[in-house]
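Coordinate-derived values only; no laboratory data. Every value quoted in this text rests on a predicted model; they were computed, and no experiment measured them. A quick note on method: Cβ atoms are made from the backbone with ideal geometry, for glycine too, and the neighbour counts reach across all protein chains shown.
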Amino acid sequence: LQACAAERASLCADFPAGASQVLSCLLRHRTHRDTSPRCAARLLEHQQRRMADFRLDPTLTAACADDIVALCPDAPLGKGAVIACLIRKEAEVAAKPCAHEVHQLAAAATSDVRLNAPLYEACAPHVLPG
């Protein structure tokens with residue numbers, strides 16, 4: 001994310017360039033006071049895409065593959081249905097790494113309606129931008 005070069009240098013310098021941890025770090029700092037509006041907007045767009053389609057999140061996909069099959073076999077792909085299913089069934093998630101990822105997703109989805117794909121889509125005409 002070119003828009004976040006300064007934030008990467010100041011907030012996420014402990015991670016080597018190109019590492020997936022850099023993106024995770026930037027996403028954790030999306031609302032930090034030192035994150036520029038341009039970077040925050042790009043991070044929000046990226047996070048919205050990942051929340052809408054779990055396949056765009058390689059960590060989640062790897063950690064939750066078995067739980068997705070076991071708990072959400074009928075959830076349609078896209079529009080956040082699989083992630084919403086995992087969040088609903090968080091207590092039933094068997095894999096510890098998956099439980100950690102689902103907990104992080106649930107926290108994000110409850111902290112910002114724009115990251116709850118099914119809810120945001122249903123309410124988009126009634127939600128003010130930003």
Average Cα contact separation per residue, the chain, under 8 Å, 6 or more apart, as relative contact order %: 19
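As an exercise, identify the trypsin sites (Lys or Arg not before Pro) in the stretch 29-130 lying in DSSP coil whose Cβ has no more than 10 other Cβ atoms within 10 Å.
Values: sites: Arg30, Arg33, Arg38, Arg42, Arg49, Arg50, Arg55, Lys79, Arg88, Lys89, Arg114; in loops: Arg30, Arg33, Lys79, Lys89.
When the trypsin sites (Lys or Arg not before Pro) of the stretch 29-130 are filtered for loop state and at most 10 Cβ neighbours within 10 Å, Arg33 remain.
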CD proxy at 222 nm, helix term only [per DSSP H run n ≥ 4: -39500 (n - 2.57); per residue of the chain; nearest 500]: -18000 deg cm²/dmol
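Between Ala5 and Leu119, what length comes free when the chain is fully extended (0.36 nm per residue of separation minus the Cα-Cα distance, one decimal in nm)?
Details: separation 114, 0.36 × 114 = 41.04 nm, distance 3.16 nm.
Difference between extended and current length: 37.9 nm.
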Under the Karplus curve 6.51 cos²θ - 1.76 cosθ + 1.60, θ = phi - 60°, whole-Hz ³J(HN,Hα) for the stretch 4-16, x wherever Gly or Pro sits: 10, 4, 5, 5, 4, 5, 8, 9, 10, 5, 6, 10, x
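In cubic angstrom, how much convex hull volume per residue do the alpha carbon atoms of the chain span? Can you show the working numbers first?
Details: hull volume 14.1 nm³, N = 130.
It is 108 Å³ per residue.
With a ≥ b ≥ c taken as the square roots of the eigenvalues of the C-alpha gyration tensor of the stretch 23-78, please select rounded if a/c is under 1.5 and otherwise prolate if a/b is larger than b/c or oblate if it is not? Can you show the working numbers first?
Values: a/c = 3.95, a/b = 2.45, b/c = 1.61.
Cα axes put the stretch 23-78 in the prolate bin.
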HN-Hα J in Hz across the stretch 30-38 - Karplus 6.51, -1.76, 1.60, θ = phi - 60°, x for Gly and Pro: 3, 9, 5, 4, 8, 8, 5, x, 5
Derived scalar couplings ³J(HN,Hα) [the stretch 97-109; Karplus, 6.51 cos²θ - 1.76 cosθ + 1.60; whole Hz; x for Gly, Pro]: x, 5, 4, 5, 4, 5, 4, 4, 5, 4, 4, 5, 5
